[in-house]
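Notes follow the structure.
The values are calculated or read from the model by the stated rules, or taken from the named source; none is laboratory data. In this text, all values refer to a predicted model and were calculated from it rather than measured experimentally. Neighbour counts are summed over all protein chains in view; Cβ atoms, including those assigned to glycine, are modelled from backbone coordinates with ideal geometry. Protein only, heavy atoms only, side chains kept; ligands, DNA and RNA dropped before computing areas. Shrake-Rupley method; radii C 1.70, N 1.55, O 1.52, S 1.80 Å.
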Amino acid sequence: MDVEETAKAIKDMRIRGAGRIARACASALYEFADTYKGDDRETLMHDIEDAKETLIESRPTAVSLYNGVMASLKGIDKETDVDAILSTIKGRAEEFIDNSYEAVNSIAELGSSIIRDGDVIMTHCNSSAVISTLKRAHEQGKNIKVFATETRPWRQGLITSRELADAGIDVTLIVDSAACLMMDNVNKVFVGADTVTAQGTLVNKVGTSQLALVAHEKGIPFYACAETYKFSPLTLNGDDVRIEVRDIREIAKEGEVPDTVKIYNPVFDRTLGRYITYYITELGMISPSSARETIVELFNED
Ligand code: RI2
């Protein structure tokens with residue numbers, strides 16, 4: 001898919017999940033570089049800037065997308081000719097995609113190591129990092145049970161429950177509002193991540209913070225599986241993460257409620273670091289209080 005098609009597919013949620021959208025952007029930039037026809041450096045740099053903006057603006061919350069784009073374009077400013085720029089983009093994009101798959105694999109290894117035989121785990125939405133972790137624990141012969149929340153309005157919990165059931169895992173789908181009640185049967189919570197801020201806050205699918213508060217109240221550990229490209233260099237100065245607000249028709253179709261009813265559809269929320277036991281990353285367990293240090297180390301090198 002080219003840049004425009006990719007941005008549209010991300011906007012329409014045909015490509016979704018923080019990791020997948022980041023890889024899709026890297027792949028669109030690879031395609032851009034592979035098919036580019038011009039030979040003027042200045043025009044190319046201008047076209048790259050347009051492609052970058054188009055991709056970054058397709059969804060505003062997950063920093064994975066921004067980091068995927070920036071990683072794919074890293075070092076191009078130093079290149080003096082068109083061919084070198086294009087081949088740098090291709091190399092960087094491929095490297096980002098490979099590293100991102102490897103990161104999920106490492107997270108699955110580390111995450112599964114803290115899962116015990118007999119654990120009952122709650123998860124929210126549909127995170128490939130969480131699913132890989134749960135599958136890995138199951139492959140290790142651990143007998144686990146999972147509660148998957150439906151995750152209104154897009155109901156990605158159905159995808160999660162299908163994927164886990166296909167892998168042979170005992171999974172129960174519940175509505176979001178049953179999370180508090182069912183938490184009494186749970187001993188660990190695993191969620192994914194769209195963005196981790198320098199303050200240690202997790203930004204993830206709306207409803208995540210409710211699960212975290214309930215888990216905290218009941219003394220249940222709460223883990224977020226997050227590849228380090230979900231950590232946001234844009235938050236180092238305290239800037240907030242923009243929460244995407246989507247079409248109200250995702251909540252109620254035309255005519256289902258009178259026009260006088262206001263509808264509001266924010267699709268992510270913020271969970272403060274104090275409610276998160278650990279971030280499970282490809283670099284190890286990172287405590288929310290070390291998020292800033294991690295971001296400085298990873299993103300401030302150039
Ligand atoms: P992985 C999803 O967002 C969910 O919020 C999920 O927790 C997060 O991305 C991370 O997913 P959406 O794109 O990268 O469905 O772990 O809105 O797959």
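For MET285, tell me the accessible area in Å² from a 1.4 Å probe, rounded to the nearest 10.
Around 70 Å² of this residue is reachable by solvent.
Could you work out which residue, out of VAL69, VAL257, VAL175, moves most in a Gaussian network model of the chain, that is, has the largest mean-square fluctuation with Cα springs under 10 Å?
Looking only at VAL69, VAL257, VAL175, the largest GNM fluctuation is found for VAL257.
Give me the number: length gained by fully extending GLU53 to ASP77, i.e. 0.36 nm times residue separation minus the C-alpha to C-alpha distance, one decimal in nm. Don't jump to the answer; show the numbers that get you there.
On the way: separation 24, 0.36 × 24 = 8.64 nm, distance 1.66 nm.
Extending this stretch completely gives an extra 7.0 nm.
State, to one decimal in nm, how far the label point of VAL175 lies from the label point of VAL257, with both points 7 Å from Cα in the Cβ direction.
1.5
What size of dipole, in debye to the nearest 20, comes out for the chain about its Cα centre when the only charges are +1 on Lys and Arg C-beta atoms and -1 on Asp and Glu C-beta atoms?
Its charge dipole is roughly 1440 debye.
Are there any chymotrypsin sites (Phe, Trp or Tyr not before Pro) in segment 215-302 that are in a DSSP loop and have at most 16 other Cβ atoms within 10 Å? List them by number.
TYR264
Using only C-alpha atoms and all pairs of different ones, pull out the Kirkwood radius for segment 108-299 in Å with one decimal. Display every interim value, and only then the final one.
Numbers: mean 1/r = 0.0584 Å⁻¹.
The Cα-based Kirkwood calculation yields 17.1 Å.
Once the Cβ-Cβ distance between LYS37 and ASN143 is put in as r, and R0 is 45 Å, what FRET efficiency do you end up with, to the nearest 0.05? Can you show the working numbers first?
Numbers: r = 57 Å, r/R0 = 1.26.
Efficiency, from the Cβ-Cβ distance: 0.20.
By how many degrees, between 0 and 90 and to the nearest 10, does the Cα long axis of helix 82-113 differ from the longest principal axis of the chain?
Its long axis makes an angle of about 10 degrees.
From the mean inverse distance of alpha carbon pairs (Kirkwood) and the Cα radius of gyration, derive Rg over Rh for segment 26-74.
0.98
Counting pairs of alpha carbon atoms under 8 Å apart in space and at least six apart in sequence, what relative contact order in percent does segment 3-104 give?
Relative contact order, segment 3-104: 37 percent.
Can you tell me the relative contact order of the chain? Whole percent, Cα pairs under 8 Å, sequence separation 6 or more.
On the way: 557 pairs, mean separation 51.5, N = 302.
17 percent.
Can you compute the FRET efficiency between ASP98 and ASP2 using 1/(1 + (r/R0)^6), with r the Cβ-Cβ distance and R0 = 22 Å? Round to the nearest 0.05. Please report the intermediate quantities before stating the final value.
Numbers: r = 21 Å, r/R0 = 0.98.
The value I calculate is 0.55.
For segment 81-154, what does the equivalent ellipsoid look like in terms of its semi-axes, each the square root of 5 times an eigenvalue of the Cα gyration tensor, given largest first in whole Å?
That gives 35, 17, 6 Å for the three semi-axes.
Provide the FRET efficiency to the nearest 0.05 for the GLN199-GLU297 pair, computing r from the beta carbons and using R0 = 22 Å.
0.85
7 Å from Cα along Cα→Cβ at both ASN185 and HIS46: what's the point-to-point distance in nm?
6.2
How large is the helix-only mean residue ellipticity at 222 nm for the chain, computed as the sum of -39500 (n - 2.57) over DSSP H runs with n ≥ 4, divided by its residue count, in deg cm²/dmol to the nearest 500? Present the calculation step by step, with values, prior to reporting the outcome.
Numbers: 10 runs with 131 residues, N = 302.
My calculation for the chain gives -14000 deg cm²/dmol from helical runs alone.
How many lysine pairs does segment 116-236 hold where the Cα atoms are under 17 Å apart and the two sit 8 or more places apart or on different chains?
Summing the qualifying lysine pairs gives 6.
What is the antiparallel percent of DSSP beta bridges lying wholly in the chain, to the nearest 5?
Working: 10 of 29 bridges.
About 35 percent, rounded to the nearest 5.
Could you check how many percent of all C-alpha pairs in segment 190-302 are farther apart than 23 Å?
It works out to 36 percent of all Cα pairs.
Quick check: residue separation of ILE243 and ASP117 times 0.36 nm, minus the Cα distance between them. What number comes out in nm?
Going from the current span to full extension adds 41.7 nm.
Choose one of ASN185, ILE114, ILE144: the residue whose Cα lies farthest towards the positive end of the charge dipole of the chain (beta-carbon charges +1 Lys, Arg; -1 Asp, Glu; about the Cα centre).
The residue sitting farthest along the positive end of the dipole is ASN185.
Test of understanding: what is the full-extension gain from MET13 to ARG155, defined as 0.36 nm times their sequence separation minus their Cα-Cα distance? Please list the in-between numbers first.
Working: separation 142, 0.36 × 142 = 51.12 nm, distance 1.21 nm.
Roughly 49.9 nm would be gained on extension.
Under 5 Å between amide H atoms, partner at least 5 residues away or on a different chain: which partners does VAL171 have, H built in plane at 1.01 Å?
Sorted by chain and number, the residues that satisfy this are VAL146.
Can you put GLU254, GLU102 in order of accessible area, largest first, using a 1.4 Å probe?
Working: GLU254 150, GLU102 115 Å².
Most to least solvent-accessible, the answer reads GLU254, GLU102.
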